[in-house]
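Below is one structure, written out as structure tokens; comments come after it.
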Amino acid sequence: MSNSNTVGQVIRCRAAVAWEAGKPLVIEEVEVAPPQTNEVRLKILYTSLCHTDVYFWEAKGQNPLFPRIYGHEAGGIVESVGEGVTDLKAGDHVLPVFTGECKDCAHCKSEESNMCDLLRINTDRGVMLSDGKSRFSIKGKPIYHFVGTSTFSEYTVVHVGCLAKINPLAPLDKVCVLSCGISTGLGATLNVAKPKKGSTVAVFGLGAVGLAAAEGARISGASRIIGVDLNSSRFEEAKKFGVTEFVNPKDHKKPVQEVIAELTNGGVDRSIECTGNVEAMISAFECVHDGWGVAVLVGVPHKEAVFKTHPVNFLNERTLKGTFFGNYKPRTDIPFVVEKYMNNELELEKFITHKVPFSEINKAFDYMLKGEGLRCIIHMEE
């Protein structure tokens, strides 16, 4: 993969640049600097759009940082590596991840955590850690990075700790979706909720992350998977992911947790909340069965959100948990999730509903804003 003529050189390539909040991305020629210490430069072959990109591109609730190159769900091939990088080489197939694993901090050394001190997600930072500078520029003017990945570019520079080295036989146009949303939902079920075979599971929010949580419940052998969503048009599609029945809170006068408790003889064994709406979070907790029920929060709430429930819900032996990126450690665990796909344990094709060439990347934003489909794959080679 490494052309000896590009190693150590600036690469000029196409990138989709967001010049200002909410305005269509513009395909520009950018300069991509060589990787510095502990960094890797990679060629992106496929990237997909995740709601997080759209949220920060709209920049309604956070520090706007522009011009910026978004994108964080992707698959690519290493072009060259910087000083100190020993576990990756040119030609390796990798998935860049918005969070990382330095393998050195207390979190990385803990079996329980994946929240690396050095590399955990930072949406405000637009530069590389090693020198506080951007590797992207246009005519000498820096263009900011996004969550350490910036995959809406033919080449990007990423910290080695944010790259999962994967099986080179895995099709990058499919497994690229594992670098964010699908792993988040899948891991919330498999690693945190851990439903037993034959159990009942409720999933709140049937977007890509919620359907990945449902897929995890299907893989686990759940007997009933109840999908909860305010949009009834999502219900038919969700059957492909193992969802067996549906509840739209708008169809009921009583709170949805009461509806679910009635459907399940006292509550579900496990629930997974994938909307970020605090009312849904409370419902997800209160709908699990006393004595053994576990609720897992995945969705990210507004800054001001407050979770309120009666403490007796805990005293009656219900458990509330949270998760970040499905509790997967990016470098250690994601290669094994790719193998689940390769072994036909996990289906990914059904998450991919649209495909567009890089020159039409704004179409992917349109699909997401209209709520059409799940994942749109953007292929860099026209």
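The values are calculated or read from the model by the stated rules, or taken from the named source; none is laboratory data. Source: prediction; values computed, not measured. Cβ sites come from the backbone with ideal geometry, for glycine too, and all protein chains shown count toward neighbours. Keep in mind that these areas ignore ligands, DNA and RNA; they rest on the heavy atoms of the full protein, side chains included. Shrake-Rupley method; radii C 1.70, N 1.55, O 1.52, S 1.80 Å.
A few remarks follow.
- When residues in the range 356-382 are screened for being surrounded by 15 or more Cβ atoms within 10 Å (Cβ to Cβ) and in a loop (DSSP other than H, G, I, E, B), 3 of them pass.
- Just so you know, in the range 109-148 the residues that are farther than 19 Å from L95 by Cβ and β-branched (V, I, T) include one that is surrounded by the most Cβ atoms within 10 Å (Cβ to Cβ), and it is I143.
- Filter result (among the aromatic types (F, W, Y) and outside any strand (DSSP E or B)) within the range 9-56: W19, Y55, F56
- Count of the range 35-55 residues, restricted to those that are among the β-branched types (V, I, T) and modelled with pLDDT under 95, is 2.
Okay, residues lined up against (1) over 28 Å from G227 (Cβ atoms); (2) modelled with pLDDT of 95 or more; (3) out of contact with any helix residue (DSSP H, G or I) (no Cβ under 8 Å at 6 or more places or on another chain):
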| site | (1), (2), (3) |
| --- | --- |
| D131 | yes, yes, yes |
| S137 | yes, yes, yes |
| I143 | yes, yes, yes |
| L169 | yes, yes, no |
| S183 | no, yes, no |
| V192 | no, yes, no |
| S199 | no, yes, yes |
| A202 | no, yes, no |
| L206 | no, yes, no |
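- The range 290-311, subset over 28 Å from the mean Cα position of the chain (by Cα) and either open to solvent by less than 60 Å² (accessible area, probe 1.4 Å) or of a type in the set (F, W, Y) (or both), residue farthest from L206 (Cα to Cα): G291
- Residue match in the range 65-80 (condition: touching a residue at least 40 places away in the same chain (Cβ under 8 Å), surrounded by fewer than 16 Cβ atoms within 10 Å (Cβ to Cβ) and assigned to a loop (DSSP other than H, G, I, E, B)): yes
- For the range 289-313, the set of residues classified as more than 22 Å from V259 (Cβ to Cβ) and of a type in the set (A, V, I, L, M, F, W, C) consists of V300, A305, V306, listed by residue number.
- Scanning the range 229-236 for residues that are in a helix (DSSP H, G or I), surrounded by 24 or more Cβ atoms within 10 Å (Cβ to Cβ) and not β-branched (V, I, T) turns up nothing.
- Only residues that are of a type in the set (G, A, S) and farther than 17 Å from L119 by Cα were counted across the range 129-170, and they come to 4.
- Applying the condition of being touching a helix residue (DSSP H, G or I) at 6+ places or on another chain (Cβ under 8 Å) and buried (at least 18 other Cβ atoms within 10 Å of the Cβ) to the range 12-36 and asking which residue is nearest to M380 (Cα to Cα) yields A16.
- The one condition from (1) at negative phi; (2) without any contact (Cβ under 8 Å) to a residue 24 or more places away in the chain that I182 does not meet is (2).
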